[in-house]
Amino acid sequence: MITHYATDTTYHEFIPKWTSNLMLDSTGTTPFVSYDKETKFLIIKGHASDPNMQEFFDPIFSAVKRDTVDSRNLRVYFYFKAMNTGTVRVLFDLFKYLRVRVAAGTKVQVVWGADACDHEMMETGRELSELYDLNFRYLAA
């Protein structure tokens, strides 16, 4: 299994070309991202507070959408330490896509994790789940 790693801003040029698994290390303002193409499992974990979160997530989510358009299963795991409004806007687009996949018969599993004491982050997950009519599992660590 080949895994690609990117630890600097060159990932923006690289992501649209990936053909196997994807892994991006976190920075102080961008999250760790892992996507397994075989199992259709996306993990986003950490701080998502960079001013250009749209630029960060767009190529990742575009590639995941292309890869899962005919998939029967899709798993997404979120564990945010912090996120800004730009991240929430980008997540809106992803959740719209997930809702479409559910309507098409795809089994979509979403896990929303946060620190046990971070009630605001857990509430954000609940609101997104209700807004997009998706069943989230919640994980307080």
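No value in this document is a laboratory result; all are computed from the given coordinates. In this text, all values refer to a predicted model and were calculated from it rather than measured experimentally. All Cβ positions, glycine included, derive from the backbone under ideal geometry; neighbour counts span all protein chains shown.
Roughly how many whole Å is it from the C-alpha centroid of the stretch 41-60 to that of the stretch 86-141? Each part reduced to its Cα centre gives a spacing of 15 Å. Among ASP133, ASP36, the order by Cβ neighbours within 10 angstrom, fewest to most, reads ASP133, ASP36.
Taken over the alpha carbons of the chain as equal point scatterers, the Debye sum produces base-10 log I(q)/I(0) values at 0.12, 0.13 Å⁻¹ of -0.45, -0.53.
The calculated FRET efficiency for GLN109 paired with SER26, based on their beta-carbon distance and R0 = 22 Å, is about 0.45. Remark: the ARG99-ASN135 segment gains 11.9 nm on full extension, using 0.36 nm per residue and subtracting the alpha carbon distance.
Positive-end ranking of PRO31, PHE136, ALA103 along the dipole of the stretch 3-140, with charges on Cβ about the Cα centre, is headed by ALA103. Length gained on full extension, THR85 to THR39, computed as 0.36 nm times the residue gap minus the Cα-Cα distance: 13.6 nm. As a proxy for reagent exposure, MET53, MET121 were ordered by neighbouring Cβ count within 10 angstrom, fewest first; the result is MET121, MET53. For the chain, the dipole from Cβ point charges (+1 on Lys and Arg, -1 on Asp and Glu) about the Cα centre works out to 600 debye, to the nearest 20.
Counting only DSSP beta bridges with both residues in the stretch 28-141, the antiparallel share comes to about 20 percent. Residues whose amide H comes within less than 5 Å of that of TYR77, counting only those at least five positions distant or on another chain, are LEU42, ILE43, ILE44, VAL111 (H built at 1.01 Å from N in the peptide plane). Beta-bridge orientation, the stretch 40-88: approximately 0 percent antiparallel, per DSSP, counting only bridges with both partners inside.
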